[in-house]
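Q: Let me begin by handing over the structure; questions about it come next.
The values are calculated or read from the model by the stated rules, or taken from the named source; none is laboratory data. Remember, it's a predicted structure, so these values are computed and weren't measured experimentally. Cβ atoms come from the backbone with ideal geometry, glycine included; neighbour counts cover every protein chain shown.
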Amino acid sequence: MAIMITDECINCGACEPECPNTAIYEGGIQWTWGGGTNLKEVTLPDGTVVDANEKLPPVSDEFYYIVTEKCTECTGFHEEPQCAAVCPVDCCVDDPDHRETDEELMAKKEFMHGE
């Protein structure tokens, strides 16, 4: 499953630099598929192809957020999600709405990083 940041976030920013996929963004900041990945373009589930550097709307305007589509729970990089390991208020938690197997998480990592 992906990790999510709850509304208990104190906006300290400790999690952001720890993410190997650059899936964590400050509230209000637009995100891209390309940031922190090797992606040049992405084919969305509906078949639309988008430039990986196209800026997309923020998931949250109030606090740091994790882009579910980029979160691999640090699979292939670390033994545990690094955002959760460094969060001083324990607001980086499993997202019950986005459950993925280890194989799915590794496939996502390989998709983004070409490994």
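Q: Got a sec? Which of Ala85, Ala107 is of a type in the set (A, V, I, L, M), modelled with pLDDT of 95 or more and either surrounded by fewer than 16 Cβ atoms within 10 Å (Cβ to Cβ) or not in a loop (DSSP other than H, G, I, E, B) (or both)?
A: From the options Ala85, Ala107, the qualifying one is Ala85.
Q: Within segment 20-78, work out how many residues are in contact with a His (Cβ under 6 Å, 6 or more places away or on another chain) and among the aliphatic types (A, V, I, L, M).
A: 0
Q: Please find, among Ala2, Ala52, the residue that is of a type outside the set (D, E, K, R) and touching a Lys or Arg at 6+ places or on another chain (Cβ under 7 Å).
A: Exactly one residue qualifies, and that residue is Ala52.
Q: Follow-up question, since we're still on this one. Looking at Gly27, is it without any contact (Cβ under 8 Å) to a residue 40 or more places away in the chain and either in contact with a strand residue (DSSP E or B) (Cβ under 9 Å, 6 or more places away or on another chain) or assigned to a strand (DSSP E or B) (or both)? Reasoning before the result, please.
A: Working: without any contact (Cβ under 8 Å) to a residue 40 or more places away in the chain: yes; either in contact with a strand residue (DSSP E or B) (Cβ under 9 Å, 6 or more places away or on another chain) or assigned to a strand (DSSP E or B) (or both): yes.
Yes; evaluated as a whole, the condition is true for this residue.
Q: Can you tell me which of Asn38, Asn53 is among the polar types (S, T, N, Q), part of a loop (DSSP other than H, G, I, E, B) and free of Cβ contacts under 8 Å to residues at least 24 places away in the same chain? So that I can check it myself, show each step before the final result.
A: Details: Asn38 fails: free of Cβ contacts under 8 Å to residues at least 24 places away in the same chain.
Step by step, each of Asn38, Asn53 is checked, and only Asn53 is among the polar types (S, T, N, Q), part of a loop (DSSP other than H, G, I, E, B) and free of Cβ contacts under 8 Å to residues at least 24 places away in the same chain.
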